[in-house]
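Below is one structure; the comments refer to it alone.
The values are calculated or read from the model by the stated rules, or taken from the named source; none is laboratory data. Everything numeric here is computed off the predicted structure, so don't read it as measured data. For neighbour counting, all protein chains shown are included, and Cβ atoms are generated from backbone atoms with ideal geometry for every residue, glycine included.
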Protein chains: 2
Amino acid sequence: MSSSELAFISTVASLAAGQAPGLIKGIGDDCAVLEKNGDQVLLVTTDTLVSGVHFNLQWHPPHLLGRKAAAVNLSDIAAMGGVPRYALLSAALSSELSEQGLQEFMNGFVEILREHDVVLVGGDTVAAPCPTFSITLLGDMAKAQVCYRAAAREGDEVWVSGMLGEAAAGLSLCEQMDKVPEQYASLIQAHLNPHPRVALGRFLAASGDVHAMMDLSDGLATDLAHICTASGLAALVDGQRLPLSATLMQAGELLGYEARQWALCGGEDYELLYTVAPGEGQDLARRVMEELGIEVSCIGRMTPGEGVFLEEDGLKRQISYQGYEHHL
Amino acid sequence: MSSSELAFISTVASLAAGQAPGLIKGIGDDCAVLEKNGDQVLLVTTDTLVSGVHFNLQWHPPHLLGRKAAAVNLSDIAAMGGVPRYALLSAALSSELSEQGLQEFMNGFVEILREHDVVLVGGDTVAAPCPTFSITLLGDMAKAQVCYRAAAREGDEVWVSGMLGEAAAGLSLCEQMDKVPEQYASLIQAHLNPHPRVALGRFLAASGDVHAMMDLSDGLATDLAHICTASGLAALVDGQRLPLSATLMQAGELLGYEARQWALCGGEDYELLYTVAPGEGQDLARRVMEELGIEVSCIGRMTPGEGVFLEEDGLKRQISYQGYEHHL
């Protein structure tokens, strides 16, 4: 992240400080949370994907890119536990994306919206030096069920869904190999076509058992640090309990890279990270598996202090903020 | 507009067709209109400004650019008659905009939001080849007062606020002259720092007298054609009644350009265009002047048929769709 981006974030945070009628949560979580009616709130999130920065059309089929552009925003709604409803798309187009490519992008974009019963309700298109897609997603949910980053409590267990580092490994494979062996298809898919955990987010929020929640977009080290900062706590991650797939480990050997770094600092997992009271996570995990067939793993706990620490082989080291950040 | 942009719009329109719970109006107006609660609706709009396409940092001071980036979205809320409430900003940054320039941009952006009691509630920042700003604005208003493009009726008078073509003339002056003479300052300001007609939009919508309304962003010819298409009517504009300032006419002489073309096809006026029942416009205009001190002008009427026609010196010619379009 450049100094100019950091300055921007700091400026925005200071200028955006303060309260307003109907504003429940502004900058600093996965979505802004606004009063809607009675016990319902409105969730709003926006994300921008720039060609050459967030995606590479050399290996990203436009159809899957369209899905992903929507998915990263769906994931922000999932991170609060909400129901996605309406999407707006601002597309800045250049000749880098052909007319057919654009059609495929739109098909993928709308396809995943439909899978989540989300309707495209607006947007605009402009010319630009390179393709850039800005998506705004609106959702809603019961006010009492919203899961904020700031709600972690001391002693909480820290849980994640799915496997970590898959998307980052997939990106590394795409970047470093002309033709990726078939056995790594699951990693490539995690990078090209992530599945936002909308149903899981709703289930966890509705359970009433979850304290803090967010999605993993910048890597565990950075994202867990957000929960720590917002909640005024530290976190201790057990290195032995990180959910790493056998395929991920093989990819690490293939590329001569320590696979665990993908999980800690890689980003774009779009899995959910949440905390629950000590002793309550296991039963919730069982219900998640029964209802949704999704595996979740306990990877650590919230402790007094600040920072994210990794404990392994009796050694403890601080790992927070090693990932990249692109969220305010 | 390129064929690829046209294809995009057509694809979006076809994919976005259909109804959904809570959706009152999707693509095809200045804002999407969604159910909020009881008799209130939520308005949502998004616009993207790309460096070199929508603004030129050579002559656009970042502070005024920040104001304008918000203003063009405020104008979309005004066009429905709504009250702007919350803003999200997605900023794609490059070295083209210095850290200080960015700070000035943000100051201007937040300054105009505060003038309208709008709160910045979210956004993100990313790296990009050139500065690009994507803004989403949320507003609300009484459901019964929303002014749609499709609500014009046969025989309606067509009215506009303010003067036309000022911003387009200002842009031409900036593009063609190293140093613009002081006497054209009002045109330059219209281009650099447009004032969205939020108070006027609210007043007109609350009056109950307005049928169709939209803002002028793409030039009268194109924008009035949107009202015609949406309402299933044609429009006849009286060339003698276009509100053109003396300064605009002088700028036309200076640059050897027919000043009226700026008004018809120039774009970025961000004035309001609205229709009222025959005979009712004049009294409303008097109240607008009394309450807000804003001049409005009757420029024509809605007629059966399709297309926008200009009548002058006894001649009638079709002028629709001569402006550029960037809205869906």
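Key figures
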read-out	value
Test: residue in the range B:235-256 that is of a type outside the set (S, T, N, Q), within 26 Å of A:Asp124 (Cβ to Cβ) and in contact with a Cys (Cβ under 6 Å, 6 or more places away or on another chain)	yes
Condition check for A:Arg317: free of Cβ contacts under 8 Å to residues at least 40 places away in the same chain and outside any helix (DSSP H, G or I)	yes
Failed item in (1) in contact with a helix residue (DSSP H, G or I) (Cβ under 7 Å, 6 or more places away or on another chain); (2) under 18 Å from A:Gly22 (Cβ atoms); (3) free of Cβ contacts under 8 Å to residues at least 24 places away in the same chain; (4) not acidic (Asp, Glu), with B:Ala87 passing the rest	(3)
Filter pass, B:Ala199 being surrounded by fewer than 23 Cβ atoms within 10 Å (Cβ to Cβ) and touching a helix residue (DSSP H, G or I) at 6+ places or on another chain (Cβ under 7 Å)	yes
Residue among B:Leu264, B:Leu272 that alone is within 30 Å of B:Pro181 (Cα to Cα), at pLDDT below 95 and of a type in the set (A, V, I, L, M)	B:Leu264
Qualifying residue in the range A:88-96 (condition: within 7 Å of chain B (Cβ to nearest Cβ) and under 27 Å from B:Gly38 (Cα atoms))	yes
Condition check for B:Ala87: assigned to a helix (DSSP H, G or I) and farther than 19 Å from B:Leu192 by Cα	no
Sole residue being in contact with a strand residue (DSSP E or B) (Cβ under 6 Å, 6 or more places away or on another chain), under 30 Å from B:Ala246 (Cα atoms) and away from every other protein chain (no Cβ under 14 Å), chosen from B:Val180, B:Val158, B:Val198	B:Val158
Residues of the range A:212-231 classified as in a helix (DSSP H, G or I) and of a type in the set (Gly, Ala, Ser), total	4
Selection count, the range B:234-262, where residues are within 17 Å of B:Val160 (Cβ to Cβ), aliphatic (A, V, I, L, M) and not in a helix (DSSP H, G or I)	5
Any hit, the range A:2-18, residues being within 11 Å of chain B (Cβ to nearest Cβ), modelled with pLDDT of 90 or more and surrounded by fewer than 24 Cβ atoms within 10 Å (Cβ to Cβ)	no
Single match in B:Gly252, B:Gly256 (criterion: surrounded by 14 or more Cβ atoms within 10 Å (Cβ to Cβ) and of a type in the set (Gly, Ala, Ser))	B:Gly252
Candidates B:Gly81, B:Gly165, B:Gly155 - the one that is outside the structural domain of B:Ser51 (by TED's automatic domain parsing) and either crowded, with 22+ Cβ neighbours inside 10 Å or among the aliphatic types (A, V, I, L, M) (or both)	B:Gly165
Residue count for the range B:26-46, restricted to those that are at pLDDT below 90 and closer than 30 Å to B:Ala190 by Cβ	2
Hits in the range B:146-168 - residues which are over 21 Å from B:Lys68 (Cα atoms) and either outside any helix (DSSP H, G or I) or β-branched (Val, Ile, Thr) (or both)	B:Val146, B:Cys147, B:Tyr148, B:Ala152, B:Arg153, B:Glu154, B:Gly155, B:Asp156, B:Glu157, B:Val158, B:Trp159
The listed residue being over 19 Å from A:Gln58 (Cα atoms), modelled with pLDDT of 95 or more and either crowded, with 23+ Cβ neighbours inside 10 Å or out of contact with any Leu (no Cβ under 7 Å at 6 or more places or on another chain) (or both), out of A:Leu120, A:Leu137	A:Leu137
Any chance A:Glu99 is more than 11 Å from chain B (Cβ to nearest Cβ) and free of Cβ contacts under 8 Å to residues at least 12 places away in the same chain	no
Single residue of the range B:115-133 satisfying the filter (more than 9 Å from chain A (Cβ to nearest Cβ) and over 21 Å from A:Leu93 (Cα atoms)) that is nearest to the chain's Cα centre (by Cα)	B:His116
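The rows are residues; the columns are (1) within 15 Å of B:Val198 (Cα to Cα); (2) assigned to a strand (DSSP E or B); (3) at the interface with another protein chain (Cβ under 9 Å from one of its Cβ atoms).
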site	(1), (2), (3)
B:Leu34	no, yes, yes
B:Leu43	yes, yes, no
B:Thr46	no, yes, yes
B:Val50	no, yes, yes
B:Val53	no, no, yes
B:Leu57	no, no, no
B:His60	no, no, no
B:Gly66	no, no, no
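Residues checked against (1) under 17 Å from B:Ser161 (Cα atoms); (2) part of a strand (DSSP E or B); (3) assigned by TED's automatic domain parsing to the domain that holds B:Leu244; (4) touching a strand residue (DSSP E or B) at 6+ places or on another chain (Cβ under 9 Å):
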| site | (1), (2), (3), (4) |
| --- | --- |
| B:Leu264 | yes, no, yes, yes |
| B:Asp269 | yes, no, yes, yes |
| B:Thr275 | yes, yes, yes, yes |
| B:Gly279 | no, no, yes, yes |
| B:Gln282 | yes, no, yes, yes |
| B:Met289 | yes, no, yes, yes |
| B:Ile294 | yes, no, yes, yes |
| B:Gly305 | no, no, yes, yes |
| B:Glu311 | no, yes, yes, yes |
